[in-house]
Amino acid sequence: MLKNNTKAVTAEETRPDQAQQQIAIATDGWGTHIRAAIVSTIALVAILCGAYPLIVWGISQAIFPHNANGSLVYSADGKTVIGSELLSQAFAGEQYFHPRPSAAGSGHDPSSSGGTNLGPTSDKLLNGIADDPATADTDESYAGIKHLSEAYRKTNGLAVDAIVPADAVTRSASGVDPHISPANAKLQAARVGRSRGLSEADVLLIVEANTDRASFGFLGEPGVNVFMLNLALDRVKQ
């Protein structure tokens, strides 16, 4: 019995040592995980926030710097930025092609890019709204598709029942889409030609030269860059 009691005591005395060993092992395991997490975080930050952007920037600057820097367009002297190939500008003169209607700010404002968020069944989208006479200092009118269609036909000398391209009377989602459809440009060509003393055929040749084709031949639809087209027309006039 004495031996058994001695063994029992010895076993009891060893249990705290085993517990301490288990705690030490667990603590060491947590430390390993924490170190691994810290090292992996630092490595990912260095790769994804440093090396990767730097590599992409370097490749873009080497292969297509014009596109990578905003597709900026400069004045004739090459010193002043007058726009970007990627952003529309408001052109209203008879001698210019007109871009799509815009809901970005007061129109074609890249700092307020956005669409109308109006659905196809919206009465406001179709018929527009008149200005509220009670707020004379604020223009709250909205031109609907019907009003825009009438104005488009009148501006371009079309019949009252002429079919109008959808992009001529609808606002893009960004409000700064620089392109119009070739059909839209074709209907404006006669007006622009008359205003500039050019034949419609000559104007259409310039339109063709400023038409962007579908990417890789099948992605997207052809579009006429209105900003670049109007700049090309001004160079011809000079």
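Okay, here's what the table says:
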item: Asp123/Thr32 FRET efficiency (R0 41 Å; Cβ-Cβ; nearest 0.05); result: 0.05
item: Contact order normalised by residue count of the chain, Cα under 8 Å, 6+ apart, percent; result: 16 percent
item: Computed lengthening from Leu231 to Ala173, 0.36 nm per intervening residue step minus Cα-Cα distance; result: 18.4 nm
item: Hz values of 3J(HN,Hα) by residue in segment 42-50 - Karplus curve (6.51, -1.76, 1.60), Gly and Pro given as x; result: 4, 5, 5, 4, 5, 6, 7, 9, x
item: Overall form of segment 103-238 per C-alpha gyration tensor (a/c, 1.5; a/b vs b/c); result: prolate
item: Local electrostatic count at His147 - Lys and Arg +1, Asp and Glu -1, tallied over other residues with Cβ under 12 Å; result: +3
item: Whole-Hz couplings from phi, Karplus 6.51/-1.76/1.60, listed for segment 149-155; x for Gly and Pro; result: 5, 5, 5, 5, 4, 5, 4
item: In order through segment 72-78: 3J(HN,Hα) via Karplus (6.51 cos²θ - 1.76 cosθ + 1.60), integer Hz, x for Gly, Pro; result: 6, 10, 10, 5, 4, 7, x
item: Built amide H within the under 5 Å cut-off of Gly83, gap 5+; result: Val73
item: Trypsin sites (Lys or Arg not before Pro) restricted to segment 209-238 and DSSP loop, no more than 15 other C-beta within 10 Å; result: Arg213
item: DSSP loop chymotrypsin sites (Phe, Trp or Tyr not before Pro) with at most 12 other Cβ within 10 Å: longest gap in the chain; result: 1-215
item: Label of the coordinate-derived value, Cα extents along the principal axes in Å, listed as (i) 122, 51, 39; (ii) 52, 42, 27; (iii) 49, 44, 34; result: (i)
item: Distance (nanometres) between label positions extended 7 Å along Cα→Cβ at Val81 and Ser215; result: 2.2 nm
item: Base-10 log of normalised Debye intensity for segment 126-192 (one unit scatterer per alpha-carbon) at q = 0.14, 0.15, 0.23, 0.26 Å⁻¹; result: -0.52, -0.58, -1.03, -1.16
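All of the numbers you see were taken from the coordinates with simple rules; none came from a lab. Predicted model only: the values in this text are computed from it and were never measured. We place every Cβ from the backbone using ideal geometry, glycine too, and count neighbours over all the protein chains shown.
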